[in-house]
Amino acid sequence: MSFYQSPKKMSAFDAKFEAQKIAFAPVSFQVARCLSQFGILTKIDGAGDEGISLIQLIQHVELSEYAIHVLLDMGLSMGIFWCKDDRYRLDKTGYFLLHDDMASKNLNFIHYVCYQGLFDLDDSLKQGKAIGLKHFGDWDTIYPGLSQLPEQTKKSWFEFDHYYSDHAFDSLLPLIFKSDPAHIIDVGGNTGKWAFACTRYNKNVNVTIMDLPGQLAVAMKNAQACLVADRVHPFETDLLDNNKPFYQGGDLYWMSQFLDCFSKQQIITILQRTVAAMKPDSELCILETYWDRQPHEAGAYCVNATSLYFTAIANGNSRMYHSKDMLKMINEAGLYVDEDIDNIGLGHTLLRCKLKPMN
Ligand SMILES: C[S@@+](CC[C@H](N)C(=O)[O-])C[C@H]1O[C@@H](n2cnc3c(N)ncnc32)[C@H](O)[C@@H]1O
């Protein structure tokens with residue numbers, strides 16, 4: 001990791017400006033969202049090098065002159081546009097806000113899933129509970145409620161989750177199938193995207209999805225639609241309850257973006273239960289984004305920011321981990337890492353684990 005290990009080279013004047021940006025960050029965030037939602041970014045982008053004036057924008061955007069003008073002024077301050085001779089042109093940051101898929105998925109996730117709940121971050125930190133979740137329902141964690149979230153919130157949650165895992169899945173399939181597993185157990189398999197990728201890739205493999213009932217119902221509906229309900233099987237459980245069952249004897253246990261939903265103590269328990277369920281030659285593959293394994297500072301920023309979603313909205317006690325913490329827990333549970341591969345998809349790491357030999 002080449003970042004965070006020395007002070008930033010910046011004048012006090014610039015640092016003071018950075019501090020003001022943080023103080024006003026919710027304003028910038030909402031302005032960027034409104035510029036996008038009301039089509040102002042698209043209009044200015046379409047005007048190209050010629051640019052577009054406020055008077056012209058008023059004719060195309062269904063907002064008052066006042067509303068467009070306050071958004072434009074703040075957009076200038078945020079470096080989204082530049083303006084010469086009263087004509088606005090998109091600057092580079094504006095270009096990526098408009099055209100970068102990752103920025104739009106992140107922005108929608110923060111607005112529809114996290115924004116209101118983050119107001120309760122301080123109480124969530126003090127109580128070790130996701131106090132911000134109260135805006136959506138009365139659950140201990142967001143997961144039993146996922147399928148009941150308001151429509152736009154649910155859409156933003158799934159688009160955010162899938163955006164990162166989808167980018168990793170294609171390059172992972174050959175790696176996972178090199179050990180030729182006949183039966184994969186997808187722990188926290190959600191709506192079945194990985195299960196369907198596996199059944200498409202290999203015509204013989206069976207996949208069992210272990211998850212909460214709400215997600216399994218959606219996954220099995222999807223399995224019917226994909227015509228693989230004979231090879232994709234549901235296994236209902238709640239991994240926060242040790243009295244609930246754990247699928248025994250799978251060839252390959254798969255945990256993608258799953259362990260980050262649990263506290264350290266819960267992870268150790270889940271890994272120990274996995275160890276107890278594995279055959280001597282089974283594997284456990286863990287796919288996660290660790291902030292210290294990101295190739296660029298931008299990745300570490302997004303991963304660390306995502307931790308606070310877990311704190312205030314998802315469960316109050318989990319996070320995106322440092323890889324050293326995960327490696328320690330894997331070891332403690334009785335596993336060793338056979339392969340450790342970074343830079344999969346958008347900054348994922350695959351840890352391929354096996355049972356430690358018995359002494
Ligand atoms: C962040 S999603 C990951 C989905 C998918 N594996 C992927 O890579 O996109 C976490 C999944 O873990 C499941 N999960 C969370 N808590 C759980 C629990 N206590 N028991 C079983 N599954 C749980 C959720 O329902 C959800 O499907």
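For segment 117-158, the Cα-based Rg and Dmax, in that order, read 10.7, 30 Å. Cross-link pairs exceeding 32 Å between alpha carbons, from the set Lys193/Lys328; Lys129/Lys244; Lys21/Lys154; Lys221/Lys356; Lys8/Lys356; Lys203/Lys264: Lys221/Lys356; Lys8/Lys356; Lys203/Lys264. Within the chain, DSSP assigns beta bridges of which about 50% are antiparallel (rounded to the nearest 5).
Between amide H atoms placed 1.01 Å from N, distances below 5 Å from Leu335 occur with Lys356, all of them 5 or more places distant or on a separate chain. Scalar couplings 3J(HN,Hα) for segment 309-324, obtained by applying the Karplus form with A = 6.51, B = -1.76, C = 1.60 to θ = phi - 60°, are 5, 4, 4, 8, 10, 7, 7, x, 9, 10, 5, 7, 8, 7, 4, 5 Hz; x denotes Gly and Pro. When the distances between all Cα atoms of segment 135-264 are binned every 5 Å from zero, what whole-number percent does each bin get? Per 5 Å bin, starting at 0, the Cα pair percentages come out as 2, 10, 19, 24, 22, 14, 7, 2, 0.
Shown for the chain: the carbon plus sulfur share of the solvent-accessible area, taken with all protein chains present and a 1.4 angstrom probe, equals 54%.
Annotation for segment 1-30 versus segment 52-114: alpha-carbon center distance of 22 Å. Computed with the Debye formula from one identical point scatterer per Cα of segment 102-355, without solvent, the log10 of I(q)/I(0) at q = 0.07, 0.13, 0.16 Å⁻¹ comes to -0.22, -0.81, -1.29. Calculated translational diffusion coefficient of segment 12-99 (25 °C, 0.890 mPa s; Stokes-Einstein with Kirkwood radius over alpha-carbon pairs) equals 185 µm²/s.
For the chain, what does -39500 (n - 2.57) per DSSP helix run (n ≥ 4), summed and divided by total residues, give at 222 nm, in deg cm²/dmol to the nearest 500?
-14000 deg cm²/dmol
At full extension, Ala229 and Asn204 could sit 7.7 nm farther apart than now, given 0.36 nm per residue minus the alpha carbon distance.
Couplings 3J(HN,Hα) of segment 256-270, computed from phi: 10, 6, 10, 5, 5, 8, 9, 6, 4, 5, 5, 4, 4, 4, 5 Hz, in residue order, whole Hz [Karplus 6.51 cos²θ - 1.76 cosθ + 1.60, θ = phi - 60°; x for Gly and Pro].
Charging the Cβ of each Asp and Glu at -1 and of each Lys and Arg at +1, and nothing else, the dipole of segment 12-99 about its Cα centre rounds to 240 debye. Mind pulling the angle between the C-alpha long axis of helix 65-77 and the longest principal axis of the chain? Nearest 10 degrees, somewhere in 0 to 90. Value to nearest ten degrees: 70. Once backbone amide H atoms are built at 1.01 Å from N, Met320 has Ser307 as its partners under 5 Å, excluding neighbours fewer than 5 places away on the same chain.
Debye sum, Cα scatterers, segment 126-207, no solvent: what log₁₀ I/I(0) at q = 0.12, 0.16, 0.23 1/Å? One equal scatterer on each Cα of segment 126-207 leads to -0.50, -0.74, -1.08. Heavy-atom accessible surface of Phe235, to the nearest 10 Å², is about 50 Å², with a 1.4 Å probe and all protein chains retained.
Per-residue 3J(HN,Hα) values for segment 239-244, derived from phi via the Karplus relation 6.51 cos²θ - 1.76 cosθ + 1.60 with θ = phi - 60°, read 6, 8, 10, 5, 7, 7 Hz in sequence order (x marks Gly and Pro).
What accessible area per residue comes out for the chain, rounded to a whole number of Å², with a 1.4 Å probe? Please list the in-between numbers first.
Working: 18370 Å² over 359 residues.
I get 51 Å² per residue for the chain.
Restricting the chymotrypsin sites (Phe, Trp or Tyr not before Pro) of segment 1-108 to loop positions (DSSP other than H, G, I, E, B) with no more than 15 neighbouring Cβ atoms within 10 Å leaves Phe3, Tyr4, Phe24.
Taking 0.36 nm per residue of sequence separation and subtracting the Cα-Cα distance, how much length would be gained by fully extending the chain between Phe17 and Ala276, in nm to one decimal? Additional length available on full extension: 87.8 nm.
Calculate, in nm to one decimal, what Lys178 and Glu62 gain on full extension: separation in residues at 0.36 nm each, minus their alpha carbon distance.
36.2 nm
The values are calculated or read from the model by the stated rules, or taken from the named source; none is laboratory data. Please read all numbers here as calculations on a predicted model, not as lab measurements. Cβ coordinates were reconstructed from backbone atoms using ideal geometry, including for glycine residues, and neighbour counts include every protein chain displayed. Calculation scope for accessible area: heavy atoms of the full protein, side chains included, ligands and nucleic acids excluded. Shrake-Rupley method; radii C 1.70, N 1.55, O 1.52, S 1.80 Å.
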